[in-house]
1. Looking at the square roots a ≥ b ≥ c of the eigenvalues of the Cα gyration tensor of segment 84-204, which shape do they give, rounded for a/c under 1.5, prolate if a/b is larger than b/c, or oblate?
2. Could you give the length gained on full extension between Gln141 and Arg204, defined as 0.36 nm per residue of separation minus the Cα-Cα distance, in nm?
3. Relative contact order for the chain: what is it in percent, counting Cα pairs under 8 Å that are at least 6 residues apart?
4. If you fit an axis through the alpha-carbon atoms of helix 2-21 and take the longest principal axis of the Cα set of the chain, what angle between them do you get, 0 to 90°, nearest 10?
5. Amide H to amide H under 5 Å from His182: which residues, 5+ apart in sequence or cross-chain, H placed 1.01 Å off N in plane?
6. What is the set of long-range amide H partners of Val92 at a cut-off below 5 Å, with H atoms built 1.01 Å from backbone N?
7. Which FRET efficiency value, to the nearest 0.05, do you get for His87 and Asp111 by plugging their Cβ-Cβ distance into 1/(1 + (r/R0)^6) with R0 = 25 Å?
8. Relative contact order (percent) for segment 71-187, with alpha-carbon contacts under 8 angstrom and 6 or more residues of separation?
Amino acid sequence: MRRFLCLLGLLGALVEAAHAASPKTVLVLGDSLSAAHNIPVESGWVHLLGDRLAKMEPGWTVVNASISGETSLSGRNRLPALLEKTHPSVLVIELGANDGLRGLPLAQLRDNLAAMVDAGQQAKARVVLVGIELPVNYGPQYRDGLRAVYAGLAHEKKTALVPFLLDGVALKPALMQEDGLHPVASAQPLVLDNVWGALQPLLR
């Protein structure tokens with residue numbers, strides 16, 4: 001009996017060690033704001049996130065599945081295969097800017113985002129929903145409605161929320177590229193800090 005219990009204990013220790021050694025993944029599904037648009041990849045906030053995790057939260061890896069031009073619908077269509085391939089512990093959804101710039105009805109954006117959150121949660125991933133803002137010329141009704149989509153979904157689905165990815169960046173011309181939409185390389189650490197506050201508690 002003693003030998004049997006020892007074997008059980010050893011087996012449990014091996015399983016625990018294997019679990020501890022297995023990589024934990026943060027999957028980032030975003031658009032050009034997360035795809036290091038027009039700056040070196042290693043300067044982008046997602047790459048900087050990988051560097052920070054290596055120092056502060058060893059054992060975590062980052063998979064950046066962001067594509068410039070990505071919409072919520074195309075992200076929704078791509079996500080199931082990405083979940084199957086990467087098995088993330090945390091899913092960061094940074095989509096909606098391109099939908100907003102094209103004036104997509106907010107109900108469609110909400111539906112796509114909700115489907116992605118549901119898919120992530122069904123895959124046992126903790127979800128961070130990253131909100132965006134549009135230029136003032138899009139009018140207060142649409143801009144307020146867009147904010148409400150992210151805030152409402154985060155509350156309903158009980159996800160972490162980054163209210164605005166470019167908070168403290170977007171209104172400072174020196175931190176933005178000439179297109180007025182994408183941050184320069186030197187602003188990327190600030191962008192990461194905006195995400196980090198919502199992301200870090202999910203790593204532990």
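1. Values: a/c = 2.06, a/b = 1.26, b/c = 1.64.
Because a/c hits 1.5 or more and a/b fails to exceed b/c, segment 84-204 counts as oblate.
2. Values: separation 63, 0.36 × 63 = 22.68 nm, distance 3.82 nm.
Contour length minus Cα-Cα distance gives 18.9 nm.
3. Details: 302 pairs, mean separation 41.2, N = 204.
Reported as a whole number, the value is 20 percent.
4. For helix 2-21, the angle is close to 20 degrees.
5. So His182 has HN proximity to Gln177.
6. Under 5 Å from the amide H of Val92: Leu27, Val28, Leu29, Val128.
7. Numbers: r = 25 Å, r/R0 = 1.01.
Between His87 and Asp111 the formula returns 0.50.
8. About 23 percent, as a whole number.
The values are calculated or read from the model by the stated rules, or taken from the named source; none is laboratory data. Fair warning: this is a prediction, and the values are worked out from it, not measured in the lab. Here Cβ is always computed from backbone atoms with ideal geometry, including for glycine, and neighbour counts include all displayed protein chains. Remember, those area values only see protein heavy atoms, side chains included, never the ligands or the DNA or RNA. Shrake-Rupley method; radii C 1.70, N 1.55, O 1.52, S 1.80 Å.
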